[in-house]
Amino acid sequence: MRCIFPFRSVSFSPSWRTSTAIALAGQMYESREFGAMPILADALQDAGCDSADVLDHCRDAGAPHVRGCWVVDLVLGKE
């Protein structure tokens, strides 16, 4: 459930939605393959993301990521 719902409110800056981050998130969303989550974390960090919640979620190797992942949805602008 942690992949679908963060356990606390998380701020997400629209400036973090770079073309690279959107492309990575879109590819993962469509293919349902989430192996690029650590790369998405790097892209978000390069865009200025300093949210430990967002970056830690992307880099959590033990987390089973699924379609509906709250970070991917935030990057793609899904509510």
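Select from A25, A61, A47 the residue whose mean-square fluctuation is largest in a Gaussian network model of the chain (Cα-Cα springs shorter than 10 Å).
Greatest mean-square fluctuation among the candidates belongs to A61.
Run lengths n ≥ 4 of DSSP H only: what is the helix-derived mean residue ellipticity at 222 nm for the chain, with -39500 (n - 2.57) per run over all residues, to the nearest 500?
Calculated at 222 nm, the ellipticity per residue is -14000 deg cm²/dmol.
Pulled fully out, how much extra length does the chain show between L76 and D56, if you take 0.36 nm times their separation in residues and subtract their Cα-Cα distance?
Extending this stretch completely gives an extra 5.4 nm.
Can you pull a Stokes-Einstein diffusion coefficient for the chain at 10 °C (1.306 mPa s), Rh from Kirkwood over Cα pairs, as a whole number of µm²/s?
Diffusion coefficient, whole number: 131 µm²/s.
Using θ = phi - 60° and the Karplus form 6.51 cos²θ - 1.76 cosθ + 1.60, what ³J(HN,Hα) does each residue of segment 48-58 get, whole Hz, x for Gly and Pro?
3J(HN,Hα) across segment 48-58, in whole Hz: x, 5, 10, 6, 4, 4, 5, 5, 5, 4, 5.
Read-outs: derived from the displayed coordinates by stated rules, not from any lab. Keep in mind that this is a model prediction, so the values were computed, not measured.
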